[in-house]
């Protein structure tokens, strides 16, 4: 699957986790919308998700993920794993083309249609067409600056937008305080 049309980045740093995304929606080589909201708060603001890929597919997955969170309200990892299992085995879900980034106070997770639930070792996760650019920028900013997580996410997404034509600078960043 070629995931285009967005960049989502999450950074866990200095006692917070920040997740942000740009607002660009493209169809082919045409920008259809510049200010789409690709970051969603769930479970009374305790969980934040970001999505890359087909918007309709992502919304369908977000609804299912929210249902899994209701089934497993204190276990984001289990909810993500159950979604990934359904996504991989269900004939209709299997065709959905999107990726989900999920964060809460303790976890940063990538959820894919291949059945993957991956937690990055360093707390930095990027998805979408500009994801690798944003991850590289975030890692450099973490190593060589004193910035907080939200600022690192915003600046890294701005860098990605300067490189990736499917990413713009209409950036939304959300933050959660981390568990100690």
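Here are some notes:
- Screening residue 166 on (1) out of contact with any strand residue (DSSP E or B) (no Cβ under 6 Å at 6 or more places or on another chain); (2) at pLDDT below 95; (3) in a loop (DSSP other than H, G, I, E, B) shows it passes everything except condition (1).
- Residue within the stretch 107-118 that is free of Cβ contacts under 8 Å to residues at least 12 places away in the same chain, in a strand (DSSP E or B) and in contact with a strand residue (DSSP E or B) (Cβ under 7 Å, 6 or more places away or on another chain) present: yes
- The residues on offer are 67, 84, 80, and the sole one that is under 22 Å from residue 16 (Cα atoms) and either in contact (Cβ under 8 Å) with a residue 24 or more places away in the chain or assigned to a helix (DSSP H, G or I) (or both) is 80.
- Restricting the stretch 18-44 to residues that are touching a residue at least 24 places away in the same chain (Cβ under 8 Å) and over 19 Å from residue 160 (Cα atoms), the residue that is surrounded by the fewest Cβ atoms within 10 Å (Cβ to Cβ) is 41.
- Looking only at the stretch 138-154, and only at residues there that are in a helix (DSSP H, G or I) and either under 16 Å from the mean Cα position of the chain (by Cα) or touching a residue at least 40 places away in the same chain (Cβ under 8 Å) (or both), the one that is nearest to residue 14 (Cα to Cα): 149
- Scanning the stretch 169-180 for residues that are in a strand (DSSP E or B) and either crowded, with 16+ Cβ neighbours inside 10 Å or in contact with a helix residue (DSSP H, G or I) (Cβ under 6 Å, 6 or more places away or on another chain) (or both) returns 172, 173, 174, 175, 176.
The values are calculated or read from the model by the stated rules, or taken from the named source; none is laboratory data. Given the structure is predicted, the values throughout are model-derived calculations rather than measurements. When we count neighbours, we look across all protein chains shown, and the Cβ atoms used for this are built from the backbone with ideal geometry, even at glycine.
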